[in-house]
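Below is one structure, written out as structure tokens; comments come after it.
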Amino acid sequence: MAEKILTFKGMDSWDRPVYEDEAGNLWKDVDPRLNRPAHLCSALNNNFDGEPDLPFHGTAVFVPERVTWNF
């Protein structure tokens with residue numbers, strides 16, 4: 001499976017980072033803590049503020065970088 005390039009688009013209404021892949025699909029990091037690996041899920045109905053839906057499988061490259069919460 002090829003790497004997906006995920007470009008940061010902003011934070012949703014639950015303060016989760018939202019990324020867009022080359023095909024225009026939105027992905028959310030539902031556990032964006034620095035000390036944890038990214039836990040990406042699709043956005044329901046590809047809606048920016050949609051609920052997390054299906055899990056991401058594969059390798060992601062974050063552009064410009066993975067956004068994490070600052071605690």
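Quote the relative contact order of the chain in percent (integer), defining contacts as alpha-carbon pairs under 8 Å separated by 6+ residues.
So the answer I get is 33 percent.
Direction-averaged shadow area of the convex hull around the Cα atoms of the chain, nm²?
The Cα convex hull of the chain, projected and averaged over all directions, gives 4.5 nm².
Ordering TRP69, TRP27 by accessible area with a probe of 1.4 Å, largest first, what comes out? Walk me through the numbers on the way to the answer.
Numbers: TRP69 70, TRP27 30 Å².
From most exposed to least exposed: TRP69, TRP27.
From the residues ALA23, GLY50, MET11, which one has its Cα farthest along the dipole of the chain in the positive direction, the dipole being from +1 and -1 charges on Cβ of Lys/Arg and Asp/Glu about the Cα centre?
MET11
Multiply the residue separation of ASP15 and GLU65 by 0.36 nm, subtract the distance between their alpha-carbon atoms, and state the gained length in nm to one decimal.
16.3 nm is the gain from fully extending ASP15 to GLU65.
Suppose every Lys and Arg Cβ carries +1 and every Asp and Glu Cβ carries -1, with no other charges. What dipole size does the chain come out with about its Cα centre, to the nearest 20 debye? It would help to have the intermediate numbers written out before the result.
Numbers: 7 positive and 12 negative charges, 45 e Å.
In debye, rounded to 20, the chain gives about 220.
Restricting the count to DSSP beta bridges whose residues both fall in the chain, what percent are antiparallel, rounded to a multiple of 5?
Close to 75 percent.
Tell me, what ³J(HN,Hα) does each residue in the stretch 3-13 have, in order and in whole Hz, if you take phi through Karplus 6.51 cos²θ - 1.76 cosθ + 1.60 with θ = phi - 60° and put x for Gly and Pro?
5, 9, 8, 10, 9, 5, 10, x, 9, 7, 5
Once each part is reduced to its C-alpha centroid, what is the distance from the stretch 1-16 to the stretch 28-66 in angstrom?
Their Cα centres are 6 Å away from one another.
The values are calculated or read from the model by the stated rules, or taken from the named source; none is laboratory data. All values reported here derive from a predicted model rather than from experimental measurement. Cβ coordinates were reconstructed from backbone atoms using ideal geometry, including for glycine residues, and neighbour counts include every protein chain displayed. Ligands, DNA and RNA are stripped out before the accessible areas are found, and what is left, the full protein with its side chains, is counted by its heavy atoms. Shrake-Rupley method; radii C 1.70, N 1.55, O 1.52, S 1.80 Å.
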